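Colleague: Submitted below is the structure of interest, expressed as structure tokens.
The values are calculated or read from the model by the stated rules, or taken from the named source; none is laboratory data. Small disclaimer: the values here were computed from a predicted structure and weren't measured. With ideal geometry, Cβ positions are generated from the backbone for all residues, glycine too; neighbour counts draw on all protein chains shown. Ligands, DNA and RNA are excluded from the accessible area calculation, which covers all protein heavy atoms including side chains. Shrake-Rupley method; radii C 1.70, N 1.55, O 1.52, S 1.80 Å.
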Amino acid sequence: METEYKEPQVNTVLQNEMPALEGTNSQSLAMLPPAEEPNQLEMIGAKVSQFLAEIPQDLNKFYSAYKTPIIALAVFLASFVTLRVVLAMLAAVNDVPLVSPIFELIGIGYTGWFVLRYLLKAPTRKELAAEIESFKRQITGKNTTESLN
């Protein structure tokens with residue numbers, strides 16, 4: 001006693017041109033609403049997308065208009081952060097026993113050597129002044145002939 005499986009037959013409803021299963025009332029089928037204008041959510045999404053697409057051009061315009069103040073602010077912030085890090089490192093080193101007194105002794109020793117080497121006698125002071133002038137010329141890029149004229 002085998003029962004044979006029958007597939008449902010599809011009829012075409014003339015008024016909607018939509019297929020319907022046999023035995024169903026085509027008048028009671030739900031219909032999709034007609035296509036409308038984009039809803040508010042889609043409009044907001046489009047505006048946000050446009051705004052995000054324009055960000056690189058806006059940033060480029062802002063940077064080109066305020067290039068000098070931006071660079072100055074960045075240098076100031078970088079120097080501030082660097083100073084804070086260096087001071088924190090010095091505070092950490094000073095907390096280590098015997099390191100601070102050793103650094104003080106090294107500083108006192110170097111200062112004593114510098115005074116004895118360059119500051120006590122007149123010829124060595126002239127030598128120091130000549131070295132400082134030479135260093136200034138190297139940094140500024142001026143020749144010795146320009147500085148003499």
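Colleague: Quick one: accessible surface of Tyr66, probe radius 1.4 Å, all protein chains present, in square angstrom to the nearest 10.
Modeller: 120
Colleague: Convert 4 °C to kelvin, take the viscosity as 1.567 mPa s, use the Kirkwood radius over C-alpha pairs of the stretch 70-149 as Rh, and evaluate the Stokes-Einstein diffusion coefficient in µm²/s, rounded to a whole number.
Modeller: On the way: Rh = 16.9 Å.
Calculated translational D: 77 µm²/s.
Colleague: Still on this model: How big is the stretch 66-114 along each principal axis, measuring the range of its Cα positions in Å and listing the largest first?
Modeller: 49, 28, 5
Colleague: Another one. Could you report the stretch 77-143's accessible area per residue, 1.4 Å probe, as an integer in Å²?
Modeller: Ligands and nucleic acids excluded, the result is 85 Å² per residue.
Colleague: Assign unit charges at the C-beta atoms only (+1 for Lys and Arg, -1 for Asp and Glu), then state the dipole size of the stretch 25-137 relative to its Cα centre in Debye, rounded to the nearest 20.
Modeller: Values: 10 positive and 10 negative charges, 216 e Å.
The calculation lands at about 1040 debye.
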